[in-house]
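The values are calculated or read from the model by the stated rules, or taken from the named source; none is laboratory data. Note that the coordinates shown come from a computational prediction; the quantities given were computed from them, not determined experimentally. Glycine also receives a Cβ, built like all others from the backbone with ideal geometry; neighbour counts cover every protein chain displayed. Protein only, heavy atoms only, side chains kept; ligands, DNA and RNA dropped before computing areas. Shrake-Rupley method; radii C 1.70, N 1.55, O 1.52, S 1.80 Å.
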Amino acid sequence: MDALSLLLNRRSLPKLVDPAPAGEVLENIFRAGLRAPDHGGLTPWRFIVSQGEGLTKLANILVAAAKADDLDDFVIEKASKAPFRAPMVITVVSKVTSDHKVPVIEQHLSAGCAAQAMQMAAVAQGYSGFWRTGSWAYHSVVREALGVTGEDMIVGFLYLGSIGCREAKVHERDLAQYVEYL
Ligand SMILES: Cc1cc2nc3c(=O)[nH]c(=O)nc-3n(C[C@H](O)[C@H](O)[C@H](O)COP(=O)(O)O)c2cc1C
């Protein structure tokens, strides 16, 4: 797939199945993340991989968060299943340097670019992904369990796997609504 086709046609896929990216393919995914634009070379990110037993650990963290909020059984059940929507979840965390001349927002943006680059690298190699946050990404229990402190943020849970359903068509959008010229 050439780069422009990837950029113009990428879709997120909700149904992701085994096998997860592995070996050189997975390494390429991480390397793509590490090529995200990075003001000041601060490498403001962490990638926490969950697969196999790791998905159960992540599910347990989400369940603990739901229970801490006294949420009803339906939500707790949903939380327990959430990570298993793909064979691999990469939690992308912005690891920021506070009080730096590079504003913190730019460091969060870098981590977001890393998430997008990793999704793109997965698609480029025949896999697919879905970037999710939900309320869990902002929950103190989840943050603490994953060692996310201070101004650091969970910018997303990047679900990755093999294509498990038909890809939806790309939305046609009218450029004139979004593009202006000074
Ligand atoms: C930071 C961020 C968080 C997101 N969180 C969710 C989410 O929790 N649930 C969801 O359904 N989509 C979420 N999305 C949107 C999907 O990843 C996806 O982009 C959207 O469904 C549109 O599909 P497309 O990427 O194929 O255009 C999020 C996107 C971003 C950038």
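Here are the numbers:
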{"quantity": "Conditions (1) polar (S, T, N, Q); (2) within 10 Å of the ligand (Cβ to nearest atom); (3) in contact with a Ser or Thr (Cβ under 9 Å, 6 or more places away or on another chain): number failed by Gln107", "calculated": "(2)"}
{"quantity": "Complete set of residues in the stretch 125-145 that are away from the ligand (no atom under 15 Å from the Cβ), within 17 Å of Leu13 (Cβ to Cβ) and either within 13 Å of the chain's Cα centre (by Cα) or among the small types (Gly, Ala, Ser) (or both)", "calculated": "Gly126"}
{"quantity": "Hits in the stretch 23-33 (condition: closer than 16 Å to Ser162 by Cβ and surrounded by 12 or more Cβ atoms within 10 Å (Cβ to Cβ))", "calculated": "Val25, Leu26, Asn28, Ile29"}
{"quantity": "Residue satisfying all of: in the stretch 95-121; out of contact with any Pro (no Cβ under 9 Å at 6 or more places or on another chain) and outside any helix (DSSP H, G or I); nearest to Ser12 (Cα to Cα) among these", "calculated": "Pro103"}
{"quantity": "Matching residues in the stretch 44-64 - criterion: being open to solvent by less than 60 Å² (accessible area, probe 1.4 Å) and closer than 20 Å to Ile29 by Cβ", "calculated": "Pro44, Trp45, Phe47, Ile48, Ser50, Gly52, Gly54, Leu55, Leu58"}
{"quantity": "Qualifying residue in the stretch 94-108 (condition: surrounded by 18 or more Cβ atoms within 10 Å (Cβ to Cβ) and either closer than 23 Å to Gly23 by Cα or without any contact (Cβ under 8 Å) to a residue 12 or more places away in the chain (or both))", "calculated": "no"}
{"quantity": "Every residue from the stretch 152-182 that is open to solvent by 90 Å² or more (accessible area, probe 1.4 Å) and assigned to a loop (DSSP other than H, G, I, E, B)", "calculated": "Arg166, Glu167, Lys169, His171, Glu172, Arg173, Tyr178, Glu180, Tyr181, Leu182"}
{"quantity": "Segments classed as helices (runs of 4 or more DSSP H), wholly inside the stretch 1-83, with at least 1 members that are within 16 Å of the ligand (Cβ to nearest atom), in contact (Cβ under 8 Å) with a residue 24 or more places away in the chain and within 17 Å of Gly129 (Cβ to Cβ)", "calculated": "3-9, 23-34, 53-68"}
